Amino acid sequence: MSSSSVEDIPEQCRDLFTQDGVLLKACMGRSISDLNSIGMLCIVQNTDSSKCIEWRPNDLITIDSDTQDQEWAVVNTIGRRQRTLSGNMTSDYAAARARIIRIPIRDLKTFKCSRNNQQMQFSTKPGVWHNTFYFQHGNAEIFVSNLKNHVKTAKTRHDRNTYVVVEPNLESQELNRSFAELDIFTENTTDVVWNFVSNFKQRPYATTMEAFSKLNDIVIQFLVYYGNETMNGKRDVSEEVADLLTKSMSALEDATSVTRSDEYEVINVKPTLPPRPCIPRGTPLSTEKWEGLHDTEGRITEVEGVKQLIFRGGVAHSIRHSVWKYLLDYYPWRMTHAELKVLQKKRTEEYFSMKLQWRSMTEGQEARFSEYRDRKSLVEKDVNRTDRTHPFFAGDNNPNLIVLQDILMTYVMYNFDLGYVQGMSDILAPLLLLLGNEVDSFWCFVGFMDKIASNFDMDQAGMKQQLLNLQLLLTFASPELARHVASKDSGNMYFCFRWLLVWFKREFSHADIMRLWEVLWTGLPCANFHLLICVAILDAEKDVLISKDFGFTEILKHVNDLSMCLDVDRILSTAEGIYHQIISAPHLTDQIGVILGIPTVSAKAEPEAESEPEAEPDEGAVNGNNVTYNPDMEEVTLEYNGLQISVVTKTVWALLA
């Protein structure tokens with residue numbers, strides 16, 4: 001039986017990592033009817049400690065979640081939509097389990113991630129791709145990052161997106177051979193690793209420093225081997241390398257605490273973030289500056305400069321009705337005034353054409369169209385409770401509520417796959433309040449929804465992924481707070497659900513939410529900056545949450561009580577400071593870099609094209625200049641004249657754990 005065939009599924013196994021919103025695109029031995037089904041891709045540890053990659057169809061997940069995922073129901077404010085995802089969906093549990101795909105990690109030979117991070121392929125036999133999966137939200141690199149925690153990989157030179165799994169026994173042999181040949185340790189025997197362990201127990205710090213000090217000779221040999229032309233005009237190589245290593249060892253000693261016991265001493269490396277910079281906010285983009293940014297025909301040529309100004313200080317209210325149309329992709333930045341008039345006329349005709357489609361629907365058509373009926377009913381209910389305390393929407397028979405409903409119903413016709421989901425009226429209300437015009441409000445709403453459509457996925461994959469990313473960012477930026485909320489059964493970050501769903505709409509006043517949204521729409525300074533807004537808010541409340549020992553219920557209540565009590569400028573400044581802390585951290589991981597859209601070291605080093613078919617070791621997560629080290633003790637790297645030399649130490653440290 002092939003590794004991707006259906007096997008007996010162990011009743012007791014543990015999910016090490018899960019990723020929602022993954023479609024099955026191809027699977028050898030499966031019928032066509034099984035393809036294009038949506039599900040969850042997992043890394044699973046079985047009862048016998050073996051691991052596998054597992055894909056589960058959504059109908060099985062739904063059945064299981066009825067009894068196993070009650071926590072999610074606490075914050076599930078999105079109404080369930082009865083939408084058929086594919087023709088092969090079934091509610092029968094046994095049939096759903098039969099469609100599970102399992103790939104034992106011990107059998108995995110090769111996997112590949114497409115450059116747009118939307119597709120992964122797996123092979124258990126060289127030259128044959130057995131399974132292909134499509135990631136709805138373009139986040140396949142997150143799965144790759146987690147998978148690499150369980151297998152040792154090497155990238156092929158002819159395709160930098162393809163990973164070859166290195167056999168563990170070969171890796172162990174190569175490690176021992178490398179230590180012996182390079183003479184890193186005093187003992188020149190095949191048992192060098194175990195001798196190192198023995199020495200470490202007696203004098204760990206000295207043994208470690210002795211081992212790394214011998215990098216000097218290795219680096220010199222490496223540089224000489226790869227060409228002395230890089231040294232022309234420079235001082236003696238050994239002198240420079242020795243300086244670098246001395247500085248590195250001093251830094252390592254400063255960052256290391258030693259705990260002593262009767263038998264041995266343990267070195268604990270505690271990675272810390274750099275100091276958080278205090279970054280003041282700027283002034284809003286003024287009318288004069290905005291008009292000066294247009295050329296004689298109305299084009300805006302310095303787009304990135306405009307976005308920087310908006311990110312720093314927002315937009316003056318007097319020009320928001322114009323600037324927002326650009327930020328929300330209704331108006332292209334480089335269109336002339338004449339071209340914009342043509343576009344606006346075209347969009348107006350398109351809007352009213354779609355509006356006519358639902359306005360002209362007969363009662364008989366509605367009676368035979370249950371899905372349309374359900375969405376219309378949900379829109380009517382939500383509109384009647386949206387921002388009713390604001391004068392613009394207050395009172396009975398308010399015409400602005402009718403316009404709000406008309407725009408939402410027209411969006412149902414514009415995007416029937418998504419339709420209407422609770423929360424969308426909260427997104428639209430400030431747009432209509434500012435713009436007033438029905439057509440302009442609709443197309444700006446379309447642009448906003450394009451940015452956050454994953455918030456309203458039927459299977460909630462987008463929201464779950466964001467909550468997972470938020471948990472990872474909080475753990476990196478504020479580990480003490482992350483540990484506290486995890487100890488109170490709140491590590492899933494469900495208490496931030498409302499923040500993310502409607503982009504803090506219910507946490508700030510109308511004036512402040514306009515400022516926050518326009519800053520976030522710039523896409524600066526990084527991807528997912530809205531998650532750092534969450535981290536900034538939580539960081540400001542850290543002392544209260546920890547000192548009062550809040551549990552799950554108290555955390556949820558405290559977070560909800562922050563509504564309308566937050567300073568938007570302070571939060572933005574703090575979030576930007578946290579961003580600079582993270583990207584400057586020497587222990588920044590690829591996983592965090594992917595979330596924030598920061599190019600990883602391995603990505604930066606990848607050439608555009610390579611012709612050699614050989615595989616090379618994966619560079620892993622290493623940051624900084626000169627001599628650096630990974631906090632997880634995976635490798636020590638020396639950067640010299642543009643060259644990087646890495647010594648892998650993960651296996652040695654694993655023996656000491």
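The values are calculated or read from the model by the stated rules, or taken from the named source; none is laboratory data. Every value quoted in this text rests on a predicted model; they were computed, and no experiment measured them. Here the Cβ is made from the backbone with ideal geometry for all residues, glycine too, and neighbour counts use every protein chain on show. For the accessible areas, the whole protein counts, side chains as well, though only heavy atoms, and no ligand, DNA or RNA atoms are used. Shrake-Rupley method; radii C 1.70, N 1.55, O 1.52, S 1.80 Å.
When every residue of the range 304-319 is checked against the conditions, none turns out to be open to solvent by 50 Å² or more (accessible area, probe 1.4 Å), closer than 26 Å to Phe416 by Cβ and under 37 Å from the mean Cα position of the chain (by Cα). Within the range 546-562, identify whether any single residue is of a type outside the set (D, E, K, R) and closer than 27 Å to Gly282 by Cβ, and answer yes or no. Yes. Picking from residues in the range 16-51 that are more than 16 Å from Ala98 (Cβ to Cβ) and among the charged types (D, E, K, R), the one that is surrounded by the most Cβ atoms within 10 Å (Cβ to Cβ) is Asp20. Exactly one residue out of Glu371, Glu380 is open to solvent by 50 Å² or more (accessible area, probe 1.4 Å), modelled with pLDDT of 90 or more, over 18 Å from Leu501 (Cβ atoms) and acidic (Asp, Glu): that is Glu380. So which residues in the range 569-594 are touching a residue at least 40 places away in the same chain (Cβ under 8 Å), part of a helix (DSSP H, G or I) and of a type in the set (Gly, Ala, Ser)? The answer is Ser573, Ala575, Gly577, Ser584.
Restricting to the range 504-529, count the residues that are of a type in the set (D, E, K, R), over 21 Å from Asp329 (Cα atoms) and open to solvent by 30 Å² or more (accessible area, probe 1.4 Å).
Step one: of the range 504-529, the residues of a type in the set (D, E, K, R) are 505-507, 512, 515, 518.
Narrowing further to those that are over 21 Å from Asp329 (Cα atoms): 506-507, 512.
From what's left, open to solvent by 30 Å² or more (accessible area, probe 1.4 Å): 506, 512.
Of the residues in the range 504-529, 2 are of a type in the set (D, E, K, R), over 21 Å from Asp329 (Cα atoms) and open to solvent by 30 Å² or more (accessible area, probe 1.4 Å).
Checking the structure you have, find out if any residue of the range 446-463 is more than 30 Å from Met40 (Cα to Cα) and either open to solvent by less than 10 Å² (accessible area, probe 1.4 Å) or of a type in the set (Lys, Arg) (or both). No - not one qualifying residue is present in the range 446-463. In the set (1) of a type outside the set (Lys, Arg); (2) open to solvent by 40 Å² or more (accessible area, probe 1.4 Å); (3) under 30 Å from Glu291 (Cα atoms), the condition left unmet by Trp333 is number (2). So is Ser425 in contact with a helix residue (DSSP H, G or I) (Cβ under 6 Å, 6 or more places away or on another chain) and either within 30 Å of Leu285 (Cα to Cα) or surrounded by fewer than 18 Cβ atoms within 10 Å (Cβ to Cβ) (or both) or not? Yes, satisfied.
If you go through the range 480-491 and keep only what is more than 19 Å from Asn146 (Cβ to Cβ) and either surrounded by fewer than 22 Cβ atoms within 10 Å (Cβ to Cβ) or at pLDDT below 90 (or both), you end up with Glu480, Leu481, Arg483, His484, Ser487, Lys488, Asp489, Ser490. Candidates Leu532, Leu501, Leu472: the one that is surrounded by 22 or more Cβ atoms within 10 Å (Cβ to Cβ), under 15 Å from the mean Cα position of the chain (by Cα) and in contact (Cβ under 8 Å) with a residue 40 or more places away in the chain is Leu532.
Number of residues in the range 10-39 that are without any contact (Cβ under 8 Å) to a residue 12 or more places away in the chain and among the small types (Gly, Ala, Ser): the value is 1.
Can you work out which of the residues in the range 108-139 that are assigned to a strand (DSSP E or B) and over 28 Å from Gln460 (Cα atoms) is most open to solvent (accessible area, probe 1.4 Å)? The residue in question is Lys125. Only residues that are under 21 Å from Ile310 (Cβ atoms) and either surrounded by fewer than 18 Cβ atoms within 10 Å (Cβ to Cβ) or modelled with pLDDT of 95 or more (or both) were counted across the range 535-567, and they come to 2.
Residues of the range 356-367 that are within 18 Å of Leu408 (Cα to Cα), of a type outside the set (Asp, Glu) and in a helix (DSSP H, G or I): Leu356, Gln357, Trp358, Arg359.
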